[in-house]
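The values are calculated or read from the model by the stated rules, or taken from the named source; none is laboratory data. Here the structure is a predicted model, which means the values were calculated and not measured. Methodologically, a virtual Cβ is constructed for each residue, glycine included, from the backbone with ideal geometry; neighbour enumeration extends over all protein chains shown.
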């Protein structure tokens, strides 16, 4: 979770999610059908679809589908030739096997992974078959009890409770407070400001200390807002986004510009390559 910046200090990174790498599956591409199909597709102009076609996070999420499908086929002694290309009957039976045990969204993710597995092997996928549509709907209905109720939106009351538990003179707490206010007043997703984990931080997706950061001045030469360029967002993708957040001079404690200044001051020793919302700490804890 931390990388050493100097002998006496280290850089710690707040993350939006920190999965255990040992439990994260990977998607497998090798299947007998792939070798058979390759001999029939050499004359095609388009290149084969392979791992680089999917983002690492997508491959990780999709891997559960082929894994569950393989377990299902092994349990019912489905032959390799019947697994790919999978028939609508087999896929509908697979969905029925797990319906009500997980949410409909989970099953849709599994099917997306199996579809990607077929695409990478150049196998036919029955996307428009009515049985597949009906099985998805049935799984959604039977798995409703697995869905969580929507949480109430974050409010100023929540921010006040959080602020009371923080020491803004502490580099870590100053970083947390700046992250929260930027996300709240900038209406951003947390994953657009923070990496999934410290090990998976990339400046291609998460804003760094070396990113464009500008203050906009009002007519009386006081800072009225700040601009922070995000390299990637869920809607704009690699085009990025210029995040503009207005200051709140009438309420300094909840002013995002004040929080950013406090954060940058408390963590001034961080290098430009560090995540923008990271902090200095004396140990690797």
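Just checking, does the stretch 229-237 include any residue being within 18 Å of residue 266 (Cβ to Cβ) and touching a helix residue (DSSP H, G or I) at 6+ places or on another chain (Cβ under 9 Å)? Don't jump to the end; show me each part of the working.
Our first condition is that a residue be within 18 Å of residue 266 (Cβ to Cβ); within the stretch 229-237, this holds for none.
No - not one qualifying residue is present in the stretch 229-237.
Against the condition assigned to a helix (DSSP H, G or I), in the same structural domain as residue 81 (by the TED database), buried (at least 20 other Cβ atoms within 10 Å of the Cβ) and in contact with a strand residue (DSSP E or B) (Cβ under 6 Å, 6 or more places away or on another chain), how does residue 116 come out, does it pass?
Details: assigned to a helix (DSSP H, G or I): yes; in the same structural domain as residue 81 (by the TED database): yes; buried (at least 20 other Cβ atoms within 10 Å of the Cβ): yes; in contact with a strand residue (DSSP E or B) (Cβ under 6 Å, 6 or more places away or on another chain): no.
Criteria not met by residue 116.
Do we have residue 110 as part of a helix (DSSP H, G or I) and either on the phi > 0 side of the Ramachandran plot or touching a residue at least 12 places away in the same chain (Cβ under 8 Å) (or both) here? I'd like the intermediate steps shown before the answer.
Working: part of a helix (DSSP H, G or I): yes; either on the phi > 0 side of the Ramachandran plot or touching a residue at least 12 places away in the same chain (Cβ under 8 Å) (or both): yes.
For residue 110, the condition - part of a helix (DSSP H, G or I) and either on the phi > 0 side of the Ramachandran plot or touching a residue at least 12 places away in the same chain (Cβ under 8 Å) (or both) - is met.
With respect to residue 168, is the statement that it is in contact with a strand residue (DSSP E or B) (Cβ under 8 Å, 6 or more places away or on another chain), touching a residue at least 24 places away in the same chain (Cβ under 8 Å), outside any helix (DSSP H, G or I) and surrounded by 15 or more Cβ atoms within 10 Å (Cβ to Cβ) true? Can you show your working first?
Details: in contact with a strand residue (DSSP E or B) (Cβ under 8 Å, 6 or more places away or on another chain): no; touching a residue at least 24 places away in the same chain (Cβ under 8 Å): yes; outside any helix (DSSP H, G or I): yes; surrounded by 15 or more Cβ atoms within 10 Å (Cβ to Cβ): yes.
Judged against the criteria, residue 168 is not a match.
Would you tally the residues in the stretch 132-142 being surrounded by fewer than 16 Cβ atoms within 10 Å (Cβ to Cβ) and either more than 15 Å from residue 90 (Cα to Cα) or more than 28 Å from the chain's Cα centre (by Cα) (or both)?
Our first condition is that a residue be surrounded by fewer than 16 Cβ atoms within 10 Å (Cβ to Cβ); within the stretch 132-142, this holds for 133-134, 137, 141.
Now drop any that are not either more than 15 Å from residue 90 (Cα to Cα) or more than 28 Å from the chain's Cα centre (by Cα) (or both), which leaves 134, 137, 141.
Here the count works out to 3.
I'd like the full set of residues that are touching a helix residue (DSSP H, G or I) at 6+ places or on another chain (Cβ under 9 Å) and over 26 Å from residue 54 (Cβ atoms), limited to the stretch 98-145. Break it down into steps so the answer makes sense when it comes.
Filtering the stretch 98-145 for residues touching a helix residue (DSSP H, G or I) at 6+ places or on another chain (Cβ under 9 Å) gives 98-127, 129-132, 134-144.
Passing the criteria: 99, 100, 101, 130, 131, 134, 137, 138, 141, 142, 144.
Go through the stretch 77-95 and count every residue that is surrounded by fewer than 14 Cβ atoms within 10 Å (Cβ to Cβ) and under 18 Å from residue 139 (Cβ atoms).
So the count comes out to 1.
Looking at the stretch 247-285, which of the residues that are part of a helix (DSSP H, G or I) and modelled with pLDDT under 90 is nearest to residue 168 (Cα to Cα)?
Within the stretch 247-285, the first condition is being part of a helix (DSSP H, G or I), and the residues that meet it are 252-254, 256-266.
Now drop any that are not modelled with pLDDT under 90, which leaves 252-253.
Details: 252: 13, 253: 10 Å.
The selected residue is 253.
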